[in-house]
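Trainee: This structure is in structure tokens; I'll ask about it shortly.
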Amino acid sequence: MRKPVVVGNWKMNLTLGQAVLLAREIRLRLGTYDSVEVGVCPPFPLITAVQAVLSDTKIGVGAQNMHYERNGAFTGEVSAEMLKSIGVKYVIIGHSERRKYFGETDEGVRKKLGTALDYGFVPILCVGETLEEREAGKENDVVVKQMESALEGFSSTHLHNLIIAYEPVWAIGTGKTATPETAQSMHSIIREFLMKKFGASFGYSIRIQYGGSVRPENISGLMVKEDIDGALVGGDSLNGERFAEIVMRSGTAKGGK
Ligand code: 13P
């Protein structure tokens, strides 16, 4: 059985004080909730403060990005070594906003994934098509190509911690969630790809999150689908009450408490 996993991507939001307040609220609502694995990914400067609030819970803290080099002259970048030294659990890799605004390439995504695996993080690899690509009927090819290129050269042993997040770009921050059927169809293509490339038991074990305008109102319909194992939540992860609702409805949809 795959344990459902819901992670909040706070993106470039919140000050120190606001982040601590949000973390406290999440701790209060979800600190002892066990049916779903929960994580939050604050901006870099806020990570340690959030960890301090969540330290006595199972809620994991992650980063939204990192560099693939160990260290060196890369002004403005953050390394895996730094994140490891402060006890980060998850690293989001290849988010569409990184690809779109910061020129992140498939090649860069693969290198980051390799570094994340070497350091023992739980990588959350983001894939997803744009509206234009979907309208041209190319969505399956685009996502499979992103997967192929990101996972090229890795073995299933190396990848055992991997989480995939399917985030259709047209659904991010738009209020236009993919229907459960649309999301399930892509999740099953992703799982088939993993099974074919790395073997059935590996493909079966990997958790695939959906991301893109996830709300308490739409999460249950998504989570009852066979291949949807969790969510990567943007906007609604900034509201403790709504984020907790999303987590708990995910657990219920999968038969938990
Ligand atoms: P929204 O939930 O705001 O659409 O963002 C989704 C996302 O990009 C999570 O990584």
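Trainee: Which of (1) closer than 19 Å to CYS126 by Cβ; (2) of a type outside the set (A, V, I, L, M, F, W, C); (3) touching a Ser or Thr at 6+ places or on another chain (Cβ under 9 Å) is the odd one out, the single condition GLY199 does not satisfy?
Mentor: That leaves (1) as the condition not met.
Trainee: For the subset of region 82-108 comprising residues that are under 20 Å from MET12 (Cβ atoms) and among the acidic types (Asp, Glu), which member is nearest to the ligand (Cβ to nearest atom)?
Mentor: Looking only at region 82-108, we keep the residues that are under 20 Å from MET12 (Cβ atoms), and these are 82-83, 86, 88, 90-104, 108.
With among the acidic types (Asp, Glu) added as a condition, the list becomes 97, 104.
Values: GLU97: 7, GLU104: 14 Å.
Of everything passing the filter in region 82-108, GLU97 is nearest to the ligand (Cβ to nearest atom).
Trainee: Also, I was wondering about something else. Take region 195-232 and flag every residue that is within 23 Å of LEU159 (Cα to Cα) and either among the aromatic types (Phe, Trp, Tyr) or within 11 Å of the ligand (Cβ to nearest atom) (or both).
Mentor: Pass one, region 195-232, residues within 23 Å of LEU159 (Cα to Cα): 195-211, 226-232.
Hits for region 195-232 are PHE198, PHE202, TYR204, GLN209, TYR210, GLY211, ALA231, LEU232.
Trainee: Taking ILE172 and the conditions (1) free of Cβ contacts under 8 Å to residues at least 60 places away in the same chain; (2) hydrophobic (A, V, I, L, M, F, W, C); (3) more than 19 Å from TYR33 (Cα to Cα), which numbered condition does it fall short on, given that it satisfies the others?
Mentor: (1)
Trainee: Within region 11-43, count every residue that is surrounded by 16 or more Cβ atoms within 10 Å (Cβ to Cβ) and out of contact with any helix residue (DSSP H, G or I) (no Cβ under 7 Å at 6 or more places or on another chain).
Mentor: Residues that pass the stated criteria total 5.
Trainee: Go through (1) part of a helix (DSSP H, G or I); (2) within 26 Å of LYS84 (Cα to Cα) for LEU159 and report which single condition fails.
Mentor: Every condition holds for LEU159 apart from (1).
Trainee: Turning to a different aspect of this structure: Give the residue, chosen from ILE208, ILE228, ILE190, that is touching an Asp or Glu at 6+ places or on another chain (Cβ under 7 Å), crowded, with 20+ Cβ neighbours inside 10 Å and either in contact (Cβ under 8 Å) with a residue 24 or more places away in the chain or not basic (Lys, Arg) (or both). Break it down stepwise before answering.
Mentor: Working: ILE228 fails: touching an Asp or Glu at 6+ places or on another chain (Cβ under 7 Å); ILE190 fails: touching an Asp or Glu at 6+ places or on another chain (Cβ under 7 Å).
Answer to the check: ILE208.
Trainee: Further, regarding this structure: Name the helices (runs of 4 or more DSSP H) wholly inside region 54-156 in which the number of residues that are in contact (Cβ under 8 Å) with a residue 12 or more places away in the chain and of a type in the set (Ser, Thr, Tyr) is 3 or more.
Mentor: No helices (runs of 4 or more DSSP H) qualify here.
Trainee: Right, next: Given the conditions (1) more than 15 Å from the ligand (Cβ to nearest atom); (2) surrounded by fewer than 21 Cβ atoms within 10 Å (Cβ to Cβ); (3) modelled with pLDDT of 95 or more, and given that HIS158 satisfies all but one, which numbered condition is not satisfied?
Mentor: It fails just one condition, (3).
Trainee: Next question, about the same structure. Looking at VAL143, VAL122, which one is surrounded by 13 or more Cβ atoms within 10 Å (Cβ to Cβ), within 17 Å of the chain's Cα centre (by Cα) and under 27 Å from VAL20 (Cβ atoms)?
Mentor: Numbers: VAL143 fails: under 27 Å from VAL20 (Cβ atoms).
Just a single option satisfies the conditions, and that option is VAL122.
The values are calculated or read from the model by the stated rules, or taken from the named source; none is laboratory data. These figures come from a predicted structure and were not determined experimentally. So basically every Cβ, Gly included, is an ideal-geometry build from the backbone, and we count neighbours across all protein chains shown.
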